Amino acid sequence: MDNNGQLTFSDDPLLNGVNEVYQLVETGEFSLAVKKLDELMSVDPDYPGLIEAYRTARFWHNREKELNNLDDGKATADFLMNQWKEFEEYSASREMVSSSAHKAAMQYVFFKASEHYKISFRKQENTTGDFELLLNLGDCFLRLEEYNNAIETLEYARNSFKSSARLLAILGEAYFHMNDIPRSLLYFREAFFIDPSEVDLNLVKAQPIKETIEIIRREKSDYKDIREWIPVYAFICDVFYIKGKLYKSQVESIEREIYNLEINYQKLNAEQVEDTNIMPRLINKYLWMLDYYEFQNYNYDHLSQIRDRLITLDRKLFEDYFRNPGKRQKK
């Protein structure tokens with residue numbers, strides 16, 4: 001009690017009990033968490049946070065035995081990551097994603113998974129899978145908000161193995177939180193160029209990308225996968241203002257992709273086009289070539305042809321843009 005006889009947070013045994021449960025979940029002591037929750041719910045089952053904490057603790061407690069029987073390293077880490085996907089779906093269905101219990105479980109899962117991915121990498125359990133191990137480790141670090149570790153891990157993976165859309169998107173997110181905005185947006189741009197469907201939007205908190213997503217949700221609300229339109233709208237809204245240099249081999253590769261996409265596009269009717277990702281992907285390729293011929297290897301004729309083609313593909317999107325390219329970004 002304080003001097004006025006008012007109940008303070010520290011005097012509330014239920015609040016203290018719930019906070020204790022969160023600590024138990026965060027450290028993976030699920031049996032104790034469930035036992036404590038049984039006590040608390042017998043006092044007041046409607047106390048704020050108790051139901052979410054109970055469902056969370058029960059979910060992971062039910063997997064505790066299987067988890068403890070797994071070998072250290074990749075088996076344990078992969079199990080945790082796979083179960084986390086199930087837990088996210090379960091949490092979303094119960095509207096628990098923003099709860100403290102959900103956050104406590106996330107801290108446990110990704111800290112423990114990261115430790116076991118480190119073990120696996122040190123043991124070289126599967127050298128052909130080193131890239132995937134590093135990618136998952138970077139994912140864990142990002143969720144734990146250990147951005148420097150995420151960057152160090154994934155830059156090593158990118159330089160030693162290969163790039164992927166998922167890797168570049170995680171790097172983009174990590175660099176954003178380290179306030180390196182130009183590098184962040186460059187990596188996001190490259191990620192959405194390689195394959196938008198590999199980008200996990202649940203991980204994306206970078207404000208420029210989230211603002212772009214909101215525009216797409218308003219203007220392309222009927223489209224199945226808004227990720228496909230992110231690079232298009234990010235270009236139009238001048239979010240992807242950082243341009244990387246294209247090498248001759250990359251230009252030739254993009255030109256081949258445009259050629260193949262155009263052939264497939266011509267075979268489809270309007271309804272079929274709407275049911276595929278061919279339109280935004282074709283537009284995205286053209287936008288890269290637009291940048292190339294405008295900023296790197298200027299060619300007026302090629303620019304005119306690309307602009308005309310983009311207007312033909314989506315007149316609503318591009319006719320006004322090319323007439324007044326600064327209009328949309330001023331919104």
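The numbers here are math on the coordinates, done by the rules we state, and not lab data. This structure is a prediction, so every number in the text was calculated from the model and none was measured. Every residue, glycine among them, receives a Cβ derived from its backbone with ideal geometry; neighbour counts consider all protein chains shown.
Values computed for the structure shown
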quantity: In degrees, nearest ten, helix 50-61 long axis to first principal axis of the chain (Cα); calculated: 80 degrees
quantity: Dipole magnitude (debye, nearest 20) for the stretch 1-125, charges at Cβ of Lys, Arg, Asp, Glu; calculated: 560 debye
quantity: Most mobile listed residue (Tyr117, Tyr286, Tyr47) in the chain, GNM with C-alpha springs under 10 Å; calculated: Tyr47
quantity: Degrees, to the nearest 10: 13-26 long Cα axis against longest axis of the chain; calculated: 60 degrees
quantity: Two-decimal log10 I(q)/I(0) for the stretch 1-125, as the Debye equation yields it once each C-alpha is a single scatterer, q = 0.09, 0.10, 0.17, 0.19 Å⁻¹; calculated: -0.30, -0.36, -0.85, -0.99
quantity: Distance between the stretch 72-101 and the stretch 32-54 - C-alpha centres, whole angstrom; calculated: 20 Å
quantity: Shape box of the stretch 207-331 [Cα atoms, principal axes, largest first, Å]; calculated: 37, 36, 25
quantity: Options Leu50, Asn148, Asn19, ranked by Cα towards positive dipole end of the chain, top entry (Cβ charges); calculated: Asn148
quantity: Degrees between helix 100-123 axis and first principal axis of the chain (Cα, 0 to 90, nearest 10); calculated: 70 degrees
quantity: Structure-derived mean projected area of the Cα convex hull in nm² - corresponding label in (i) 15.5; (ii) 16.7; (iii) 22.5; calculated: (iii)
quantity: Cβ-Cβ FRET estimate between Asp225 and Glu39, R0 fixed at 56 Å, reported to 0.05; calculated: 0.75
quantity: Label-point separation in nm, Glu319 to Tyr300, each point 7 Å along Cα→Cβ; calculated: 2.5 nm
quantity: Using distinct alpha-carbon pairs, which all enter the 1/r mean, Kirkwood radius of the stretch 239-307 in Å; calculated: 13.1 Å
quantity: Relative exposure of Val109, Val25, Val251, Val43, judged by other C-beta atoms within 10 Å (fewest first); calculated: Val43, Val251, Val109, Val25
quantity: Full-extension gain in nm, Phe161 to Asn69, via 0.36 nm per residue minus C-alpha separation; calculated: 29.9 nm
